[in-house]
Amino acid sequence: MTNEILRQLHERKSVRVYDPDRPVTVEEKRQLLEAALAAPTAGCMCLYTILDITDQEIKDRLAVLCDHQPFIATAPVVLVFLADWQRWYDSFVAAGVDAPRTPAEGDLFLAASDAVIAAQNVVMAAQSMNLGSCYIGDVLENGEQIAELLNIPSYAMPVAMLCIGAPTQQQKLRKKPVRFPLEALVHENGYHRAGPEALATMHSARADSEKNGFPEAVLAMERRKWSSTFMAEMNRSVAAWMNRWVKGEVQG
Ligand SMILES: Cc1cc2nc3c(=O)[nH]c(=O)nc-3n(C[C@H](O)[C@H](O)[C@H](O)COP(=O)(O)O)c2cc1C
């Protein structure tokens, strides 16, 4: 690697088991959160809110609601990143704008980009501090219960969650999962749709055993993820979030 940032980008991997003897200090958490705020943000509007979950009962509940992942409850730091137009909507009203338009789908996607980019700054800040992190995509599930648990208003929506803590020795030694080859993921000047042969080559390129190649890995992915009940729940929940967002269903 040619420099420290590139080295750390390549070394980072998800950490799901945390060293109980190495807590995250108050100062470290502040640095992580300040790193989030340093991220690029559309129009410098800071279209996100970070929920710092310190209450163990809420962590326990999130571990259940986010597809039953017990390690969430063991993480020293749990951060939920909301795409958030509520702050601006309320500011428009407070500033005297007469009936401001309500946020729509495009606004949501822009705010979601802001929130995820801020989250990724935290991931790399953690890496630089010898802390590990793991995204929790399942924070998109059970939206109604999560909205109530975290008191989330209509024009805000969780788009990412991070568990953070010091990696155990076993986690440090774990192999980083292999990606698809560069040429499969980078297309020059427009999208080049892959045919069956190129797809088989792409999947086989990262197989570490015969059982993990093509079509086995694809069939396993279809069965374990694409057709799973948790992905069905995620899609139901996000449709409900979008309804709530676009229609302002619970707007006071
Ligand atoms: C959007 C997103 C959602 C994820 N959700 C989960 C999750 O719910 N639980 C989990 O254990 N890991 C989750 N991960 C971590 C991925 O499994 C991990 O990034 C992937 O396997 C690649 O491994 P690496 O991060 O160690 O390089 C998520 C990652 C991303 C980017």
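What follows draws every value from the coordinates through simple rules; no lab data is involved. Source: prediction; values computed, not measured. Note: ideal-geometry Cβ built from the backbone for every residue, glycine included; neighbour counts use all protein chains shown.
Per-residue 3J(HN,Hα) values for the stretch 85-101, derived from phi via the Karplus relation 6.51 cos²θ - 1.76 cosθ + 1.60 with θ = phi - 60°, read 9, 4, 4, 6, 4, 5, 5, 4, 5, 4, 7, x, 5, 7, 6, x, 5 Hz in sequence order (x marks Gly and Pro).
For the stretch 152-168, 3J(HN,Hα) computed residue by residue from phi via the Karplus equation (6.51, -1.76, 1.60; θ = phi - 60°) reads 8, x, 4, 9, 9, 7, x, 10, 7, 9, 10, 9, 9, x, 6, x, 6 Hz, glycine and proline entered as x.
Spin-label model, Gln8 to Asn212: label points 7 Å out along the Cα-to-beta-carbon direction sit 2.8 nm apart.
Return the loop-located GluC sites (Glu not before Pro) in the stretch 152-234 (DSSP other than H, G, I, E, B) with at most 12 other Cβ atoms within 10 Å of their own Cβ; answer none if there are none. Before the final figure, lay out the partial values.
Values: sites: Glu183, Glu188, Glu197, Glu210, Glu216, Glu222, Glu233; in loops: Glu188.
Within the stretch 152-234, the qualifying GluC sites (Glu not before Pro) (loop, at most 12 other Cβ atoms within 10 Å) are Glu188.
For the stretch 139-238, the set of chymotrypsin sites (Phe, Trp or Tyr not before Pro) satisfying both a DSSP loop assignment and a count of at most 11 other C-beta atoms within 10 Å is given as Tyr191. By the equivalent-ellipsoid construction on the alpha carbon gyration tensor, the stretch 4-177 comes out with semi-axes of 30, 19, 13 Å, ordered largest to smallest. Whole-Hz Karplus values for the stretch 126-140 come out as 4, 4, 5, 9, 6, 10, x, 9, 8, 6, 10, x, 5, 5, 6 Hz, taken residue by residue from phi with 6.51 cos²θ - 1.76 cosθ + 1.60 and θ = phi - 60°; glycine and proline positions read x.
Taking 20 Å as the cut-off, the amide N atoms of the stretch 147-188 that come nearer than this to a point 7 Å along the Cα-to-beta-carbon line of Lys247 belong to 147-148, 152-158.
With 0.36 nm allotted per residue and the present C-alpha distance subtracted, the Phe71-Val178 stretch has 36.2 nm of extension available.
Between Asn189, Asn121, Asn212, the GNM of the chain built on Cα springs shorter than 10 angstrom shows Asn189 fluctuating the most.
The shape of the stretch 143-199 comes out oblate: with a ≥ b ≥ c from the C-alpha gyration tensor, a/c is at least 1.5 while a/b does not beat b/c. What whole number of Å gives the distance from the Cα centroid of the stretch 145-174 to the Cα centroid of the stretch 109-127? Each part's Cα centre sits 12 Å from the other's.
Protection proxy ranking of 2-12, 82-92, 28-38, by the mean of other Cβ atoms within 10 Å over each peptide's residues and highest first, is 82-92, 28-38, 2-12. Once the Cα-Cα distance is subtracted from the 0.36 nm per residue extended length, the Ile58 to Ala239 segment shows a gain of 62.8 nm. Counting beta carbons within 10 Å around each of Ile164, Ile50, Ile58 and listing the fewest first gives the order Ile58, Ile50, Ile164. As a ratio to 2.2 N^0.38 Å, the alpha-carbon radius of gyration computed for the stretch 102-252 takes the value 1.30. The trypsin sites (Lys or Arg not before Pro) of the stretch 157-226 meeting both criteria, a DSSP state outside H, G, I, E and B (loop) and at most 10 other C-beta atoms within 10 angstrom of the site's C-beta, are Lys175, Arg179, Arg193. Assuming a ≥ b ≥ c are the square roots of the Cα gyration tensor eigenvalues, decide whether the stretch 1-92 counts as rounded (a/c under 1.5), prolate (otherwise, with a/b larger than b/c) or oblate. Verdict is oblate for the stretch 1-92.
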